[in-house]
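Here is the structure we will look at.
The values are calculated or read from the model by the stated rules, or taken from the named source; none is laboratory data. Just so you know, these numbers come straight off a predicted model, no measurement behind them. Every residue, glycine among them, receives a Cβ derived from its backbone with ideal geometry; neighbour counts consider all protein chains shown. Areas reflect the complete protein model, heavy atoms only, side chains present, ligands, DNA and RNA absent. Shrake-Rupley method; radii C 1.70, N 1.55, O 1.52, S 1.80 Å.
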Amino acid sequence: MTAVDVYRITDQLDGDTLGVLETRLEARGRHPKFLHMMGEYLEGMGIDGAGSVLDVGCGTGVVARTVARRPGFRGRITGIDLSPSLIAAAHRLAKSEGIGDRIDFRAGDSQSLKLADAAFDAVIAHTLISHVDHPQAVLEELARVVKPGGMIGIFDGDYASITFGTDDPERGRAMDEAIIAAIVTNPRVMREMPHRLRDAGVDLVSSYSYVLAEVGAADFWKPGIQSFMKLLPKAGAATEAEAAAWAAEVLGRSDRGVFFGACNFYSYVARRRT
Ligand SMILES: C[S@@+](CC[C@H](N)C(=O)[O-])C[C@H]1O[C@@H](n2cnc3c(N)ncnc32)[C@H](O)[C@@H]1O
């Protein structure tokens with residue numbers, strides 16, 4: 001089966017699939033483990049000192065809203081996403097939290113931003129780089145629109161490492177591969193980031209690494225598994241029956257206390273040269 005990363009084509013998806021993505025992104029964005037990873041690199045960027053922040057591939061606005069809610073942050077945020085539908089959801093969610101006036105959400109392609117040079121104090125790509133056709137084009141755009149001396153934050157999964165324990169290890173490996181094909185375009189891109197950042201003309205300041213592993217019972221991974229069950233058939237990576245059987249098995253393992261699920265995540269904080 002030839003599969004397609006659904007997150008790369010969010011401007012072409014049906015409402016049902018976009019609804020699955022919206023639910024998934026919002027569940028993930030509320031989880032303490034995810035918020036912890038986000039908080040560490042935002043601190044590393046000194047985000048509270050930024051007067052203007054750009055969040056590319058903002059989806060439903062999880063990062064933009066998190067930054068806007070920070071007690072020490074007084075600036076303005078621009079969020080850009082490929083999907084007009086996710087941008088509409090981001091508007092709605094920010095408004096419902098009373099922070100709509102501090103975030104400007106717009107549809108656009110992060111590989112060619114319609115934004116002026118050196119327009120932002122800080123720029124963020126949070127689980128975007130793994131989804132685009134041209135990661136280097138995104139990094140070059142971020143390096144262009146951030147001010148000299150400004151901070152760049154890149155966070156993503158090292159999705160080549162995503163794995164779930166199953167009764168039959170060979171079938172489990174095949175489903176791990178199907179998940180990677182359905183939800184990601186560049187599963188190894190975070191391993192390439194040290195040289196990609198240098199090639200984009202920015203200096204690495206710090207990096208953070210995580211194994212988001214759950215053993216026994218699933219918590220963070222539960223909504224993820226529920227989304228994979230729906231997204232794999234939409235992406236052409238597995239049949240509905242295969243995806244449903246896999247989800248029932250791994251969630252059943254969680255119910256019985258024998259779940260295993262893991263993926264590595266990395267953040268990079270870099271600074272544009274002055
Ligand atoms: C995994 S989601 C992450 C959303 C959000 N940053 C978060 O962490 O909740 C990836 C997002 O990248 C967006 N995206 C994919 N390709 C894009 C592109 N070329 N330009 C802008 N956004 C893009 C998708 O629409 C999707 O919202």
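Quick notes
- Which listed residue, of Val146, Val184, is in contact (Cβ under 8 Å) with a residue 12 or more places away in the chain, in contact with a helix residue (DSSP H, G or I) (Cβ under 7 Å, 6 or more places away or on another chain), among the aliphatic types (A, V, I, L, M) and buried (at least 21 other Cβ atoms within 10 Å of the Cβ): Val184
- Note on segment 59-74: residues that are open to solvent by less than 10 Å² (accessible area, probe 1.4 Å) and either within 9 Å of the ligand (Cβ to nearest atom) or in a loop (DSSP other than H, G, I, E, B) (or both) total 6.
So that you can scan it fast, the table gives a plain yes or no per residue for (1) away from the ligand (no atom under 16 Å from the Cβ); (2) open to solvent by less than 20 Å² (accessible area, probe 1.4 Å); (3) not in a strand (DSSP E or B):
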| position | (1), (2), (3) |
| --- | --- |
| Ile87 | no, yes, yes |
| His91 | no, no, yes |
| Ala94 | no, yes, yes |
| Arg106 | no, no, no |
| Ile162 | no, yes, no |
| Asp167 | yes, no, yes |
| Glu170 | yes, no, yes |
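- Scanning segment 1-32 for residues that are crowded, with 16+ Cβ neighbours inside 10 Å and not aliphatic (A, V, I, L, M) yields Asp5, Tyr7, Arg8, Thr10, Thr17, Glu22, Arg24, Glu26, Arg28, Gly29, His31.
- Listed conditions (1) closer than 25 Å to Glu26 by Cβ; (2) open to solvent by less than 50 Å² (accessible area, probe 1.4 Å); (3) of a type in the set (A, V, I, L, M, F, W, C); (4) in a helix (DSSP H, G or I) are all met by Met229, apart from (2).
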